[in-house]
Amino acid sequence: MGTENPGRPNFPMRPSSTPFASAPPTMTPFSSSGPVVGSEASNFRPTPLGAPPTMTPFSSAGPSPPARFSDSSVPSPPITSVPPAGGPYQRFPTPPFPSTAQTPPTRAPPVGQPPFQPPASQVAAPPVSFQPPTQVPPVPMGSPPQTVNFRPSSVIASQPPSDSLFSGPRPNFQPTFPPPDLSHSATKSTFQPPFPGYPSKQAAVSQAPSPFPAQQGSFMPPPPASSSPFSSRQGSYVPPPPVAAPLGYQSRDQMQHPGSAPPIGSIQSLTEDFSSLSLASMPGSIQPGLDYRTLPRPLDGDVEPSSFVEMYPMNCDPRYLRLTTSAIPNSQSLVSRWHLPLGAVVCPLAEAPEGEEVPVINFASTGIIRCRRCRTYVNPFVTFTDTGRKWRCNICSLLNDVPGEYFANLDATGRRIDLDQRPELIKGSVEFVAPTEYMVRPPMPPLYFFLIDVSISAVRSGMIEVVAQTIRSCLDELPGFPRTQIGFITFDSTVHFYNVKSSLLQPQMMVVSDLDDMFVPLPDDLLVNLSESRNVVETFLDSLPSMFQDSVNVESAFGPALKAAFMVMSQLGGKLLIFQNTLPSLGVGRLKLRGDDLRVYGTDKEHILRLPEDPFYKQMAADLTKYQIGVNIYAFSDKYTDIASLGTLAKYTGGQVYYYPSFQSGIHGEKLRHELARDLTRETAWEAVMRIRCGKGIRFTSYHGNFMLRSTDLLALPAVDCDKAYAMQLSLEETLLTTQTVYFQVALLYTASCGERRIRVLTAAAPVVTDLGEMYRHADTGAIISLFCRLAIEKTLTNKLEDARNSLQLRIVKALREYRNLYAVQHRLGARMIYPESLKFLCLYGLALYKSVPLKGGYADAQLDERCAAGFTMMALPVKKLLKLLYPSLIRVDDHLLKPSAQADDFKNIMKRLPLVAESLDSRGLYIYDDGFRFVIWFGRMLSPDIARNLLGADFAAELSKVTLSEQDNEMSRRLMRTLKKLRESDPSYYRLSYLVRQGEQPREGLLLLVNLLEDQMGGPSGYVDWIMQIHRQVQQNA
């Protein structure tokens, strides 16, 4: 797994046997003085003695006020705890101090240090005079092996003096972010000086000396000269102090926490199976004892869960199907204690992994093999019996006959001898070619119909010109040649039809002005075969921009035009692309400027603004879906266009909403060009339906995304592509599941652009568990956040924004409280917030959702159209794209641009993501902020003028809002453009325009970037540190 931070030091992997953290420490004769707080064991399994201890018995990570060590018998921790970079830690045998009540606990290295597995040669013993008796097991020093989880220092603010260093809750902080110093070379350390322009955030640790030395990020006060009986060695840690330590340290600890010194035999049961944050504050300080630098962050982006695939290698790839936890609860009572969503996110047409194709199988003679009772398709988890004549369905357990043509003998292990030739029996994702019985009508041809607003605002913005040019440039790449069909309608105060049949030299335009009684003139000539009518279509597209250039029509008869398009398309179905610039004002479906009324926010009527105003739109969407028409909305306007109503058409037809506020072709044309071209040319599944089957005792009860539910479990999807995902929630039908494994099978029946009817089948298995801890251990944050996001956005359609945010926060708090309760009895958790390793980013993504456009703030925080458009978009996003939008990348590129060209092409090295805090921005740097929808390029105030001149040419000193980034004639500019191009290619679903901003240019800098640094307080009520403290307080209230 490696670290969660690309480019930061790589810490060794944890032992494979443990799902989250490390094994328990071995017990030594004198370490009984304090509890050993470990961190690993599923259900507290014992682990071998040699493993490293997981927790220091005292909070050594944060620098502690030296005053505490006034007693000369307690030596200060030594500086030598900083290991050489990359050198393994050394393991020291226990010194032969007798176990006495006064002895303070053994010291492990500061929490900031990485785990270690020293080679045998390095388990060096100290000088012979200190050799321990043979029966004393060695005490390994070091912090626990973690997956993507290591522990920087200066995090755990120390306990109050009365508690002494050796008492109090044992912090076990596991952030995923090393000292920021390491993110750049020493010369470019972003965090060293507080740079001009931003307040420097000093956490509670500020009373101590600088928490970040150059090494692995641990800090200790310097030791007195004679502090240690051992000569210190690099990478080593000094053993416990002499026996003369004051009695009070130990006895107070045991009085406060009876039972804190467990007998040697029982130590194994105390290992910790969770990650944690210490939230104790500094003595005399009101600051939280939490350093923002050490909080967990997804700086590697979304990491797909691997345990699922390792356990069942024949499962489909997680990019197609992700479960919120790949450990399914066996009882209703377990479900009620799992407060997170239980369900799945399905992206049926996700792009296949690099170098892999989904196999296409044609059972021409035998017909598709399916279970005769539950209709499950044959898959890798079915079993063959009776020498290969029968097969048992993995979902309903029925024995089915094997058709003669499909028969094959079984080998000695009961496996078919022809497995290698049967992809459907070894792969979790396959496509079957569907025979005629799977068709209600002949497969439809790919059909694209364009409904274009030609009112004055559309003409002035340049939208019509860009749309016409883009459609024309994509005609060769439209899928389905030579069957592809195409048609056009334009509208302003009237509706214009175009006859583009192949026998004409010029397209004919017919105008219908009777909006109340809409009819279609020449119904047979408005939809044509593109390959036959190519010349007429091109002529039409070339002349379209000039046709309306003198228009002064401000009206929009959108509703009647939509009905007309429906009449034309209803014979075949297809994709309807709507380009809308003016609020519908005439005929059916006209909308009034209900505006964004400030007084409505915070009242029970607030959510009505986010619902369609006129039932016409939902009714039209139902009719369109019934006739296999999918709608994509392209909305352009600087004024209110009621996306809440228009977006309904896309929502219920499986489409999507593209929103271009204040569109100007000179600025936004490139974005529209790319996104429209992708929409037209990406592989599309037509007239599709999707169903997901699952094993006995469980079923999917609710579905979330853009589709129409045709029956209880059948999703109607007139057009599907790789950029659409659907979420669903599971429930248990029986009080107790008796099976060991549950199976899920997604089946998408669709027409491919080539005219073949196909069924894409995705199958996965998951274990059934009886333990809540296992559910948490196998949780998938990405899938959980995808479901949370859809549930919260849906809640804003029936409740206030505040209610949606609060319900999200409440569920996170309940889940963490339930998790805390699992361990509260065996462990002294004190001021620690604990969470499973698998959910270490849950709080951060929860905060990101809380501050996301559909949910944040109130009237002043986002325009109504922007809020609704973002909601429609996020409802359909696949997991990876959603997480990128919630926690965008911030990368520094000026170093890369200055490198000699030989080293400059290593793209991975540039992609060192930084935390989204103002402290990440150095005023001498150049940064790219990338949320998957746009780039914001931030020029520091003290960035070298040469760089700015090279990138911006003559405009380098101008106000950046008026400057457009374009390639200049120099290597540095070309390199920046190559970097942006690679970033765009890594996710082509939305085109990212570059917005330039200079440090200090307000309000532009605030709106474009600072408000999006979600860990700071700017974009909402709380920053990341405050959010963690708030969640922790709520978790503790009823814990």
(request) Scan segment 488-498 and give yes if some residue there is among the hydrophobic types (A, V, I, L, M, F, W, C), within 30 Å of ALA688 (Cβ to Cβ) and open to solvent by 50 Å² or more (accessible area, probe 1.4 Å), otherwise no. (result) no
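Restricting to segment 412-430, what's the tally of residues that are without any contact (Cβ under 8 Å) to a residue 40 or more places away in the chain, assigned to a helix (DSSP H, G or I) and not hydrophobic (A, V, I, L, M, F, W, C)?
Just the residues of segment 412-430 that are without any contact (Cβ under 8 Å) to a residue 40 or more places away in the chain, to begin with: 412-422.
Adding the requirement that they be assigned to a helix (DSSP H, G or I) leaves 419-421.
Narrowing further to those that are not hydrophobic (A, V, I, L, M, F, W, C): 420-421.
Summing the residues that are without any contact (Cβ under 8 Å) to a residue 40 or more places away in the chain, assigned to a helix (DSSP H, G or I) and not hydrophobic (A, V, I, L, M, F, W, C) in segment 412-430 gives 2.
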(message) Being charged (D, E, K, R) and either open to solvent by 30 Å² or more (accessible area, probe 1.4 Å) or under 22 Å from TYR660 (Cβ atoms) (or both): is that true of GLU1005 here?
(response) no
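Restricting the search to segment 716-727, which residues are among the aliphatic types (A, V, I, L, M) and either surrounded by fewer than 24 Cβ atoms within 10 Å (Cβ to Cβ) or over 27 Å from the mean Cα position of the chain (by Cα) (or both)?
Initially, segment 716-727 is screened for residues among the aliphatic types (A, V, I, L, M), giving 716-717, 719-720, 725, 727.
Correct list: ALA716 only.
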(request) Can you run down the residue pairs with Cβ atoms below 6 Å, 6 or more apart or on separate chains, where the first is in segment 372-390 and farther than 15 Å from ASP418 by Cβ and the partner is in a loop (DSSP other than H, G, I, E, B) and of a type outside the set (Phe, Trp, Tyr)? (result) ARG373/CYS396; ARG373/LEU398; CYS374/ILE395; CYS374/CYS396; THR376/CYS393; THR376/ILE395; PHE381/ASN394
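Just one of LEU993, LEU965, LEU980, LEU943 is open to solvent by less than 10 Å² (accessible area, probe 1.4 Å), outside the structural domain of LEU844 (by the TED database) and of a type in the set (A, V, I, L, M, F, W, C); which is it?
On the way: LEU993 fails: open to solvent by less than 10 Å² (accessible area, probe 1.4 Å); LEU965 fails: open to solvent by less than 10 Å² (accessible area, probe 1.4 Å); LEU943 fails: open to solvent by less than 10 Å² (accessible area, probe 1.4 Å).
Exactly one of LEU993, LEU965, LEU980, LEU943 is open to solvent by less than 10 Å² (accessible area, probe 1.4 Å), outside the structural domain of LEU844 (by the TED database) and of a type in the set (A, V, I, L, M, F, W, C), namely LEU980.
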(request) Output yes when any residue across segment 460-468 is in contact with a strand residue (DSSP E or B) (Cβ under 6 Å, 6 or more places away or on another chain) and either of a type in the set (A, V, I, L, M) or closer than 23 Å to ARG682 by Cα (or both), and no when none is. (result) yes
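Can you go through THR413, THR376 and tell me which one is surrounded by fewer than 14 Cβ atoms within 10 Å (Cβ to Cβ) and not aromatic (Phe, Trp, Tyr)? Break it down stepwise before answering.
Working: THR376 fails: surrounded by fewer than 14 Cβ atoms within 10 Å (Cβ to Cβ).
Being surrounded by fewer than 14 Cβ atoms within 10 Å (Cβ to Cβ) and not aromatic (Phe, Trp, Tyr) holds for just one of THR413, THR376, which is THR413.
With ILE667, ILE608 as the choices, which residue is hydrophobic (A, V, I, L, M, F, W, C), in the same structural domain as SER461 (by the TED database), free of Cβ contacts under 8 Å to residues at least 40 places away in the same chain and open to solvent by 10 Å² or more (accessible area, probe 1.4 Å)?
Values: ILE667 fails: free of Cβ contacts under 8 Å to residues at least 40 places away in the same chain.
Among ILE667, ILE608, only ILE608 is hydrophobic (A, V, I, L, M, F, W, C), in the same structural domain as SER461 (by the TED database), free of Cβ contacts under 8 Å to residues at least 40 places away in the same chain and open to solvent by 10 Å² or more (accessible area, probe 1.4 Å).
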(request) Scan segment 445-456 and report the pairs whose first residue is open to solvent by less than 10 Å² (accessible area, probe 1.4 Å) and whose second residue is β-branched (Val, Ile, Thr) and part of a strand (DSSP E or B), with Cβ atoms within less than 7 Å and a gap of 6+ or a chain change. (result) TYR448/ILE486; LEU451/ILE489; LEU451/ILE578; ILE452/THR490; VAL454/THR490
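Between ARG460, ARG472, ARG483, which is surrounded by fewer than 21 Cβ atoms within 10 Å (Cβ to Cβ) and without any contact (Cβ under 8 Å) to a residue 60 or more places away in the chain? Quick ask: steps written out before the conclusion?
Values: ARG472 fails: without any contact (Cβ under 8 Å) to a residue 60 or more places away in the chain; ARG483 fails: without any contact (Cβ under 8 Å) to a residue 60 or more places away in the chain.
It is ARG460.
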(request) Return the total of residues in segment 635-653 being more than 22 Å from LEU572 (Cβ to Cβ) and outside any helix (DSSP H, G or I). (result) 8
(message) Could you check segment 978-1012 and list, in sequence order, the residues that are within 27 Å of CYS722 (Cα to Cα) and out of contact with any strand residue (DSSP E or B) (no Cβ under 7 Å at 6 or more places or on another chain)?
(response) ARG978, THR979, LYS981, LYS982, ARG984, GLU985, SER986, ASP987, PRO988, SER989, TYR990, TYR991
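Which of the helices (runs of 4 or more DSSP H) contained wholly in segment 845-903 include at least 1 residues that are of a type in the set (A, V, I, L, M) and at pLDDT below 95? Walk me through it before giving the result.
On the way: elements: 864-876, 879-886, 894-898.
Fully inside segment 845-903 and qualifying: 864-876, 894-898.
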(request) Residues being open to solvent by 40 Å² or more (accessible area, probe 1.4 Å) and of a type in the set (S, T, N, Q): count how many of those fall in segment 612-628. (result) 1
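Quickly run through segment 685-743 and pick out the residues that are outside any loop (DSSP other than H, G, I, E, B) and touching a Cys at 6+ places or on another chain (Cβ under 8 Å).
Taking segment 685-743 and keeping what is outside any loop (DSSP other than H, G, I, E, B), we get 685-694, 698-704, 708-709, 714-720, 726-732, 736, 741-743.
Result: ARG693, PHE700, TYR726, LEU730, VAL742, TYR743.
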(request) May I ask you to list the residues in segment 728-778 that are over 30 Å from PRO482 (Cβ atoms), among the hydroxyl-bearing types (Ser, Thr, Tyr) and under 30 Å from the mean Cα position of the chain (by Cα)? (result) SER731, THR741, TYR743, THR763, THR770, TYR776
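The values are calculated or read from the model by the stated rules, or taken from the named source; none is laboratory data. No experiment lies behind these values; they were computed from the predicted model shown. Note: ideal-geometry Cβ built from the backbone for every residue, glycine included; neighbour counts use all protein chains shown. To get the accessible areas, we keep the full protein, side chains included, count just its heavy atoms, and leave off ligands, DNA and RNA. Shrake-Rupley method; radii C 1.70, N 1.55, O 1.52, S 1.80 Å.
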